[in-house]
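Let me begin by presenting the structure, written as structure tokens, before commenting on it.
The values are calculated or read from the model by the stated rules, or taken from the named source; none is laboratory data. Computed from a prediction, not measured in an experiment: that's the story for all the values here. Please note: Cβ atoms are built from the backbone with ideal geometry, for glycine as well, and neighbour counts cover all protein chains shown. All accessible areas refer to the heavy atoms of the entire protein, side chains included, with ligands and DNA or RNA removed. Shrake-Rupley method; radii C 1.70, N 1.55, O 1.52, S 1.80 Å.
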Amino acid sequence: MNQTPWEQFVSSLWPIVQGALLGTIPLALVSFVVGLAIALVVALMRLSRRRLVSGVARVYVSLVRGTPLLVQLFVIFYGLPSVGVVIDPWPSAVAAFSINVGGYAAEVIRAAILSVPKGQWEAAYMIGMSRNVALRRIILPQAARVSVPPLSNTFISLVKDTSLASLILVTDLFQRAREIAAFNGEFMLVFLEAALVYWVICLGLSVLQSRLETRLDRYVAH
């Protein structure tokens, strides 16, 4: 019995949403957290007074920002096995996305740290803080507030970029949509449905970002 377009829409909606809840969102969250950790280390390396350390970080950022994410993903999943390193699809996706986020977010964090007035460093030194303590207790908290908007945008972009993981057979929102479309042949309907789910997720994240920025602005103002 043939289904109407509405019936097809309804029947495929929940599997696609499940793909988002169980695949896309966890993948984006894990990759973003790991990517932020990488970004912080790389940003501090970029600010190092040692040329070798800052140079290594600069090359890393240049490589990440200068090559497509899809190529990075394929190098990890399809390229590494040729040298004896085999990684399953999900960890491969996490690795690729984390490395990518690290490259972009590192520049955001570095710029945020540099935006903190030098007087904050001097005040910390005057009360006996070391550079590391001043960085941890004075500079980074202020830089974190500055970096919230661009890092939020990075996370929203990452949610959309996770669709590339379907190309290495990670079961996410888009992979579910591809499977459903291949089964019922309704490619236009199903892919538009997937686009709708992505849009709803990103819209919700944008609202959360706006509220977070408002709260931070109030905190800074007082």
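Report, to the nearest whole %, how much of the accessible area of the chain belongs to carbon and sulfur atoms, 1.4 Å probe, protein only.
Numbers: 8560 of 12930 Å².
Ligands and nucleic acids excluded, carbon and sulfur reach 66 percent.
Work out, step by step, the length gained on full extension between ALA144 and VAL200: first 0.36 nm times the residue separation, then minus their alpha carbon distance; give nm to one decimal.
Values: separation 56, 0.36 × 56 = 20.16 nm, distance 2.68 nm.
Length difference between fully extended and current span is 17.5 nm.
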Legend entry - Potential lengthening between PHE74 and ASP88 on full extension [0.36 nm per residue; Cα-Cα distance subtracted]: 3.8 nm
Inset, instruction - Please report, in debye to the nearest 20, how large the charge dipole of region 5-219 is about its Cα centre when each Lys and Arg carries +1 at its beta carbon and each Asp and Glu carries -1 there. - result: 1420
Inset, instruction - Please go through region 116-162 and write out the chymotrypsin sites (Phe, Trp or Tyr not before Pro) that DSSP classes as loop and that have at most 16 other C-beta atoms within 10 Å. - result: none
Legend entry - Projected label distance in nm at VAL133 and VAL41, using a 7 Å step from Cα toward the beta-carbon: 2.6
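Largest first and in whole Å, give the semi-axes of region 21-117's equivalent ellipsoid, each being the square root of 5 times a Cα gyration tensor eigenvalue.
Its equivalent ellipsoid spans semi-axes of 26, 17, 10 Å.
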Inset, instruction - Mind telling me which of GLY23, GLY55, GLY103 comes out most flexible in a GNM of the chain, alpha-carbon contacts under 10 Å? - result: GLY55
Legend entry - Selection from ALA96, ILE109, VAL133, by position along the positive dipole direction of the chain (Cβ): VAL133
Legend entry - Protection proxy ranking of 45-53, 183-191 - average other beta-carbon atoms within 10 Å, highest first: 183-191, 45-53
Inset, instruction - Express the accessible area of region 5-219 per residue in Å², computed with a 1.4 Å probe while the remaining protein chains stay in the model. - result: 56
Legend entry - Listed candidates (1) 21.2, 79; (2) 22.7, 70; (3) 17.5, 54 - label of the one calculated as Rg and Dmax of the Cα atoms in Å: (1)
Inset, instruction - Work out how much length VAL33 to ASN184 would gain on full extension: take 0.36 nm times their residue separation and subtract the Cα-Cα distance, in nm to one decimal. - result: 50.7 nm
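Taking 30 Å as R0, compute the FRET efficiency from the Cβ-Cβ separation of SER54 and MET126 and round it to 0.05.
Details: r = 27 Å, r/R0 = 0.90.
It comes out at approximately 0.65.
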